[in-house]
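**Student:** Provided herewith is a single structure, encoded as structure tokens, for subsequent inquiry.
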Amino acid sequence: MELLERQDHLDELARQLREAEAGRGRIAFVGGEAGAGKSALVEKFAGSMRPHVRVVWGTCDALQTPRTLGPIHEVAAALAVASPDAAHGEQRPEFFARLVKTLAQPGHATVVVLEDLHWADEATLDFVHYLGRRIQRTRCLLVGTYRDDQLATIHPLRRVLGEISGQHVARLRIAALSPAAVTQLAESAHRDAVRIYELTDGNAFFVRELLTAPVDTIPESARDAVLARFMQCSPAARELAELVSVSPGRTRLWLAKALLGRMQRAADEGIERGLLRQDDESIAYRHELGRLAVESTLSSARSQELHQRILDALVEHGADLSQLVHHARLAANVGAIVEFAPRAALQASQLGAHAEAAAHFAAALRHADEVPPAMRARWFEAHAWECHLTNQAQPAIASGEQARALYRDLSDVEAQGRVARVLARVHWQLGRRLDAYRAATEAITLLEGLAPGHEMAMAYGTRAMLAMLAGRVEEAIEYGERSLELGRRLNDPEPQVQALNTIGSARLGSGDKSGFALIEQALSLGIEHGLHDATGRAFSNLTTCAILHFELPRAEGYLRRGLTYCEEHEIYTHAYYLRAYESRLELLRGRWSDAANLATQLLGIFVLTTNQRIPALITLALVRARRGDPGAEALLDEALSLALPTAELQRIGRVAAARAELAWYRGDLDVVAHEVAVGLEVARGHRDPGICGELAYWESRARSRITIDHGIAEPYRLMIEGDWRGAALEWEKLGMPYERALALADGPEEALRDSLSILEKLGAGPLAAIVRQRLRDRGVTGIPRGPRASTRSNPAGLTAREVHVLRLLVGGHTNAELARRLHLSAKTVDHHVSSILEKLEVRSRTEAVAAAFGLGIVKSAGNGS
């Protein structure tokens, strides 16, 4: 069938390939609803390749727990790149690096097609992310297809799509066929075009199925069209179609032959009837919707029978463990689930695929009663740990408690202590200070009765970590040194890494910058020994401590390295924490739109723990407060309710300072003093220069005289002492424009004008209004007016017309539709859209929509009417 309305997409893919052939690798994401014609487009493009361009394919399968790196192994095999050998300790980054090196070799350009990324496992998405950051140095065009109509807001692919951007990335959306295209196809087949369009709404797959079905059997829906073809097949072809329907993706020919014997005639029939397609190695449905339609006709008994037959053949053949678990679950074969799911989980964990590991352990635990208590306890413990690493805190707590109870019944004291230590970590993530402290104390109490070993050293390290976070520096260093000494005596790297990390963080928290060297030592040891969690924590602490000390370039370096490491190894408990502090870093740098977008994405898409959520809430609240937008108070109310139970200055102090700042903009000095008092109460005995300095500064705004702690950060001390010029210079050196403007606001006319200039660029309405009033009070004339009221009503300085256009963009309208709807010329609409992108500091309509939600410009994805 002719491929209509796709030439622009083919031309764009060809353009991207030319760039790749010139050594400037490119990525093309091809999205669309199921049946839109993504695969047909890519197959057409691949079929047009010149001989010197090689094309390799990798397919993501709709397994309940996807195969770890399944499609990437297919690509590697096609490129003659050996798969990673977990038994010999090769990690995913090394394997990824070998693949990228192959794609960067001079000579032939390579088109890598990854189909159905919406079904990809986390490790495969990590590869896409990894290659996306390096592809410009290769001769590769990566084409990734995905269904955008089934992509939930929390789908991992959304994160990858959002984080890979730039001129080297093309995003192609395959729209439904227009009525004109459907009419053209229908008329050539002598069919009723109106009826075809009514049934299909332009879905290319449905159109094709309807147009190729017999005229006298036109179904009421496209599903019926598929089943009509299916029922017209011979018994042998139907049996093959049923077999293939229960195998997501492609069914290997050896498997079909093993189960059905001579099946080529049946395959040919299925192909002739438009149901199936076949290559040298596998057979599959022409479209996933066809597979689902046939699968839906199977009775439960028939489905289980087929899955069991496939399972038996795969076991005999020695297939991937994830495939075995998938078919074992759907065959309801408890024995096979119990046998293969834990093995698949361990394999995934070794490969750094911790999300898959957690899913496999969860599958095994559904049948935990089938195994002895000791094995059941180990499964619960392993599931708790994998959930901890992947930021699934509540399941981690539930499985950890189950494991602890089982170990108690088994009188396994060491295991009880080990699980208690993990529970302490997870309780802390959830902001449950008392529960965390009780679990850490229990771990030490249990383990101190045993011979000193790894678990004792780790328990001391956990107690040190909690003390450090609570600001009890001496206690943190005491228990940290116990852990470090025991770890060194045992020649055990993990407790050493944790202890060095904690001791260094404790020093930094008290203003001693020698702590950076200790955490960097911990980081090196963690990477050297492949300690994923400990390494992720080191990156987290280095980043947050650098931000707390206002060393922003240093923080940026740690942040980028940390995010790459944590996302490659699926350590999301640290990755999301880093993301939350990335939003604060952007706030401090004056990149408020980026800060708000990051915070909004985290709060709206991801399931965050308490200690990840608090910094994101503060960032978004401060952007809104400083721009004079509504919603800041509600965000800070939530942040305070989450922060108070932690009893930690890092949480409560930041919230209190933000709440005091908001009250100051409103001129309510009594509330400023009250909010500051909440933070200072927690700050007693702490020596954190940044947080204590910020609290002291806002206290000085509310009280005429305060006692200055000379351990606070220097810019804050200078501001409190009235040295606005010295403070402004310090803030300028640190690269923090808003704080610089705040210092200049206490100076004479020239300083006030400089402050106002900075604030206008930031869009900081409330402080700009205060500065203008101070200039007026000095009798200054010719003060810049600032944005008009309609522009001040939104955080990006948009006019009322631009806000209206942006709301229509949120509704998905094209520029042509906007022009018709607003009775404007296309050129005028283009001008409005360009102005919106510039003011929002974004590069595309998609990013503009995200910014609109992030900054509160629009509240819901309506059509703007």
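**Student:** Looking at segment 415-432, which of its residues are farther than 13 Å from residue 445 by Cβ and assigned to a helix (DSSP H, G or I)? Write out each step before concluding.
**Tutor:** Initially, segment 415-432 is screened for residues farther than 13 Å from residue 445 by Cβ, giving 415, 418-419, 422-423, 425-432.
Result: 415, 418, 419, 422, 423, 425, 426, 427, 428, 429.
**Student:** Oh, and also: Looking at residue 282 and the list (1) touching a residue at least 40 places away in the same chain (Cβ under 8 Å); (2) open to solvent by less than 10 Å² (accessible area, probe 1.4 Å), which single condition is not satisfied?
**Tutor:** Just one mismatch for residue 282, condition (1).
**Student:** If you don't mind, there's one more thing I want to ask. Quick check, is residue 534 part of a helix (DSSP H, G or I), open to solvent by less than 10 Å² (accessible area, probe 1.4 Å) and under 17 Å from residue 472 (Cβ atoms)?
**Tutor:** Working: part of a helix (DSSP H, G or I): yes; open to solvent by less than 10 Å² (accessible area, probe 1.4 Å): yes; under 17 Å from residue 472 (Cβ atoms): no.
It is false that residue 534 is part of a helix (DSSP H, G or I), open to solvent by less than 10 Å² (accessible area, probe 1.4 Å) and under 17 Å from residue 472 (Cβ atoms).
**Student:** Ok, one more. Looking only at segment 502-526, count every residue that is at pLDDT 95 or above and open to solvent by 60 Å² or more (accessible area, probe 1.4 Å) and tell me the total.
**Tutor:** Residues flagged as at pLDDT 95 or above and open to solvent by 60 Å² or more (accessible area, probe 1.4 Å) within segment 502-526 amount to 4.
**Student:** Among the residues of segment 156-170 satisfying the criterion of being open to solvent by 40 Å² or more (accessible area, probe 1.4 Å) and modelled with pLDDT under 85, which is farthest from residue 123 (Cα to Cα)?
**Tutor:** 165
**Student:** Something else now. Considering segment 639-652 alone, what residues qualify as being surrounded by fewer than 23 Cβ atoms within 10 Å (Cβ to Cβ) and hydrophobic (A, V, I, L, M, F, W, C)?
**Tutor:** Within segment 639-652, 640, 642, 644, 647 qualify.
**Student:** Which residues, taken from segment 392-418, are open to solvent by less than 40 Å² (accessible area, probe 1.4 Å) and within 16 Å of residue 360 (Cα to Cα)?
**Tutor:** Result: 396, 399.
**Student:** Can you report the number of residues in segment 9-42 which are free of Cβ contacts under 8 Å to residues at least 60 places away in the same chain and within 23 Å of residue 287 (Cα to Cα)?
**Tutor:** Counting residues in segment 9-42 that are free of Cβ contacts under 8 Å to residues at least 60 places away in the same chain and within 23 Å of residue 287 (Cα to Cα) gives 1.
**Student:** With the checklist (1) under 34 Å from the mean Cα position of the chain (by Cα); (2) within 21 Å of residue 35 (Cβ to Cβ); (3) among the small types (Gly, Ala, Ser) in hand, flag the one item residue 319 doesn't pass.
**Tutor:** (2)
**Student:** Among the residues of segment 194-209, write down those that are hydrophobic (A, V, I, L, M, F, W, C) and either within 18 Å of residue 39 (Cβ to Cβ) or open to solvent by less than 20 Å² (accessible area, probe 1.4 Å) (or both).
**Tutor:** Listed by number, the residues that qualify are 196, 204, 205, 206, 207.
**Student:** Can you name the condition, by its number, that residue 240 falls short on among (1) closer than 16 Å to residue 286 by Cβ; (2) open to solvent by 70 Å² or more (accessible area, probe 1.4 Å)?
**Tutor:** For residue 240, the failing item is (2).
**Student:** Scan segment 6-44 for residues that are surrounded by 18 or more Cβ atoms within 10 Å (Cβ to Cβ), more than 23 Å from residue 99 (Cα to Cα) and of a type outside the set (Gly, Ala, Ser) and report the count.
**Tutor:** Of the residues in segment 6-44, 5 are surrounded by 18 or more Cβ atoms within 10 Å (Cβ to Cβ), more than 23 Å from residue 99 (Cα to Cα) and of a type outside the set (Gly, Ala, Ser).
**Student:** Which pairs turn up if I take residues in segment 633-650 that are closer than 17 Å to residue 676 by Cβ and look for partners that are in a helix (DSSP H, G or I) and not aliphatic (A, V, I, L, M) with beta carbon separation below 6 Å, at least 6 apart in sequence or on another chain?
**Tutor:** Once the first residue is closer than 17 Å to residue 676 by Cβ and sits in segment 633-650, its partners that are in a helix (DSSP H, G or I) and not aliphatic (A, V, I, L, M) give 636/659; 643/651.
**Student:** Output the residues belonging to segment 588-621 that are among the small types (Gly, Ala, Ser), buried (at least 24 other Cβ atoms within 10 Å of the Cβ) and more than 21 Å from residue 656 (Cβ to Cβ). So that I can check it myself, show each step before the final result.
**Tutor:** We begin by selecting, within segment 588-621, every residue among the small types (Gly, Ala, Ser); these are 590, 593, 595-596, 599, 604, 616, 621.
If we keep only those that are buried (at least 24 other Cβ atoms within 10 Å of the Cβ) as well, we get 595-596, 599, 616, 621.
Of everything in segment 588-621, just one residue is among the small types (Gly, Ala, Ser), buried (at least 24 other Cβ atoms within 10 Å of the Cβ) and more than 21 Å from residue 656 (Cβ to Cβ), namely 596.
**Student:** In segment 653-671, what residues are touching a residue at least 24 places away in the same chain (Cβ under 8 Å), out of contact with any Asp or Glu (no Cβ under 7 Å at 6 or more places or on another chain) and either among the acidic types (Asp, Glu) or surrounded by fewer than 24 Cβ atoms within 10 Å (Cβ to Cβ) (or both)?
**Tutor:** Restricting attention to segment 653-671, the residues satisfying the condition of being touching a residue at least 24 places away in the same chain (Cβ under 8 Å) are 653-658, 660-662, 664-665, 669-670.
Going one step further and asking which of them are out of contact with any Asp or Glu (no Cβ under 7 Å at 6 or more places or on another chain), we end up with 653-655, 658, 661, 664-665, 669-670.
Hits for segment 653-671 are 661, 664, 665, 669, 670.
**Student:** Against the conditions (1) assigned to a loop (DSSP other than H, G, I, E, B); (2) crowded, with 20+ Cβ neighbours inside 10 Å, where does residue 462 fall short? Just the number, please.
**Tutor:** Failing condition for residue 462: (1).
**Student:** For segment 569-581, how many residues meet the condition of being open to solvent by less than 10 Å² (accessible area, probe 1.4 Å) and charged (D, E, K, R)?
**Tutor:** Number satisfying all stated conditions: 1.
**Student:** Restricting the search to segment 75-99, which residues are modelled with pLDDT of 85 or more and either farther than 19 Å from residue 352 by Cα or open to solvent by less than 20 Å² (accessible area, probe 1.4 Å) (or both)?
**Tutor:** Those that are modelled with pLDDT of 85 or more and either farther than 19 Å from residue 352 by Cα or open to solvent by less than 20 Å² (accessible area, probe 1.4 Å) (or both): 75, 76, 77, 78, 79, 80, 81, 95, 96, 99.
**Student:** Given the residues 449, 471, which is the only one that is part of a loop (DSSP other than H, G, I, E, B) and at positive phi? Full working, then the answer.
**Tutor:** Numbers: 449 fails: at positive phi.
That would be 471, the only listed residue that is part of a loop (DSSP other than H, G, I, E, B) and at positive phi.
**Student:** If residue 262 meets every condition in (1) open to solvent by 50 Å² or more (accessible area, probe 1.4 Å); (2) not in a loop (DSSP other than H, G, I, E, B) apart from one, which number is that one?
**Tutor:** Looking at each condition in turn, residue 262 falls short on (2).
**Student:** Just to verify a result, which residue in segment 775-785, among those that are under 21 Å from residue 737 (Cβ atoms) and surrounded by fewer than 18 Cβ atoms within 10 Å (Cβ to Cβ), is modelled with the highest pLDDT?
**Tutor:** Here is the first cut: in segment 775-785, the ones under 21 Å from residue 737 (Cβ atoms) are 775, 783-784.
Pick out the ones that are also surrounded by fewer than 18 Cβ atoms within 10 Å (Cβ to Cβ) and you get 783-784.
Details: 783: 82, 784: 77.
Out of the qualifying residues, it is 783.
**Student:** Now a separate question. From 362, 357, which residue is surrounded by fewer than 24 Cβ atoms within 10 Å (Cβ to Cβ), within 23 Å of the chain's Cα centre (by Cα) and part of a helix (DSSP H, G or I)? First the steps, then the outcome.
**Tutor:** Working: 357 fails: surrounded by fewer than 24 Cβ atoms within 10 Å (Cβ to Cβ).
None of the other options fit; the residue is 362.
The values are calculated or read from the model by the stated rules, or taken from the named source; none is laboratory data. Please read all numbers here as calculations on a predicted model, not as lab measurements. Every residue, glycine among them, receives a Cβ derived from its backbone with ideal geometry; neighbour counts consider all protein chains shown. For the accessible areas, the whole protein counts, side chains as well, though only heavy atoms, and no ligand, DNA or RNA atoms are used. Shrake-Rupley method; radii C 1.70, N 1.55, O 1.52, S 1.80 Å.
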